[in-house]
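The structure appears right after this line, and notes come after that.
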Amino acid sequence: MTTTPNPDFRDVLRKELAVRSKRNPAYSLRAFARDLGVSASRLSEITTGHQPMSLATGSKIAKALGYDAARASYFTDLVAAECGRSPKQRGAAAARVTAYLETEAAFEKLRVDAFHVISDWYHLAIVEATKLPEFDGTPAWLAARLAIPEPTAKHAIARLLRIGMLREEQQTLVPAKPHYQVLADLPSKAVHGFQRQILERAAAALEKQPVALRKFESLLTTIPVAQIPEFKQHLEEFVEQMSARFRQATPKEAIYCLSLQFFQLDVTAPLQ
């Protein structure tokens with residue numbers, strides 16, 4: 001059985017030095033000490049474990065590293081957990097370190113869930129499917145309706161519950177909010193994945209769905225490059241207007257996707 005070693009404030013400093021050295025091969029321990037506001041000899045003694053670190057120095061270094069309040073408290077607690085003056089102080093600091101790591105792990109899990117919600121099209125489709133009168137709240141129903149594997153539907157439901165986009169009510173699933181959004185600072189890779197999947201499904205619909213149930217529009221036009229932001233703004237306003245117009249429409253009968261693509265067609269045109 002293996003155990004994960006307790007976090008160490010020295011490891012934090014070593015990793016930070018390694019990151020800076022990778023960015024700038026000329027960056028040294030002396031330069032690091034200068035940036036932290038301590039002597040090079042003292043920093044060397046601290047990082048090698050030959051000298052403890054005071055809480056005051058820990059707070060000073062956290063500030064020099066540019067940490068926010070939560071991260072700075074975590075770093076000083078790492079220091080206190082080992083170098084605190086009393087067993088009580090060290091124990092309390094260690095407990096706070098554990099709580100911080102658990103919170104960070106939970107938040108990272110939330111970010112991973114949010115990434116999948118954005119990058120995999122069926123998550124948002126499942127939220128919309130809950131509004132259909134015939135929805136029975138089961139993965140089997142969703143799998144049949146959306147043409148996805150049942151285990152995929154099951155995992156997606158669990159993810160949507162964790163992230164707070166769905167909630168359980170009277171033995172079924174309902175949207176947690178009338179209108180929802182997920183974390184906005186996700187990597188563009190998630191958005192790219194979502195758009196790619198939507199385009200793939202649009203191509204399939206073009207071949208398989210009757211014209212009466214679909215509409216594909218394309219506009220080829222020439223515009224000044226400076227007006228691209230204005231063009232995009234009009235598209236965003238249009239999508240929001242359509243969403244507001246039909247959000248409360250009843251009865252809910254089918255799940256549809258409105259997808260607009262606006263991009264430069266002639267690659268020789270000037271870009272800004």
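The values are calculated or read from the model by the stated rules, or taken from the named source; none is laboratory data. Just so you know, these numbers come straight off a predicted model, no measurement behind them. Note that we place each Cβ from the backbone using ideal geometry, even for glycine, and neighbour counts take in every protein chain shown. Each accessible area value is taken on the protein alone, full model and side chains, heavy atoms only, with ligands, DNA and RNA left out. Shrake-Rupley method; radii C 1.70, N 1.55, O 1.52, S 1.80 Å.
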Restricting attention to segment 82-93, which residues are open to solvent by less than 50 Å² (accessible area, probe 1.4 Å) and touching a residue at least 24 places away in the same chain (Cβ under 8 Å)?
Cys83, Gly84
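When only residues in segment 201-228 that are of a type in the set (D, E, K, R) and under 19 Å from Ala254 (Cβ atoms) count, which is least open to solvent (accessible area, probe 1.4 Å)? Give the derivation first.
Taking segment 201-228 first, the residues of a type in the set (D, E, K, R) are 201, 207-208, 214-215, 217.
From what's left, under 19 Å from Ala254 (Cβ atoms): 201, 207-208, 214-215.
Details: Arg201: 108, Glu207: 148, Lys208: 169, Arg214: 57, Lys215: 159 Å².
Looking at residues that are of a type in the set (D, E, K, R) and under 19 Å from Ala254 (Cβ atoms), I get Arg214.
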Every pair of residues 6+ apart whose Cβ atoms lie under 6 Å, when the first sits in segment 48-67 and is of a type in the set (Ser, Thr, Tyr) while the second is crowded, with 16+ Cβ neighbours inside 10 Å and in a helix (DSSP H, G or I)
Ser59/Thr76
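Just checking: which of the helices (runs of 4 or more DSSP H) contained wholly in segment 118-178 hold 3 or more residues that are closer than 19 Å to Ala254 by Cβ? Please lay out each step first, then the result.
Working: elements: 122-129, 139-146, 150-163.
The qualifying helices (runs of 4 or more DSSP H) are 122-129, 139-146.
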Would you be able to tell me the number of residues in segment 238-256 that are open to solvent by 90 Å² or more (accessible area, probe 1.4 Å), closer than 24 Å to Ala204 by Cα and either small (Gly, Ala, Ser) or assigned to a helix (DSSP H, G or I) (or both)?
0
Which pairs turn up if I take residues in segment 204-224 that are closer than 19 Å to Leu260 by Cβ and look for partners that are among the aromatic types (Phe, Trp, Tyr) with beta carbon separation below 8 Å, at least 6 apart in sequence or on another chain?
Leu206/Phe216; Ile223/Phe231
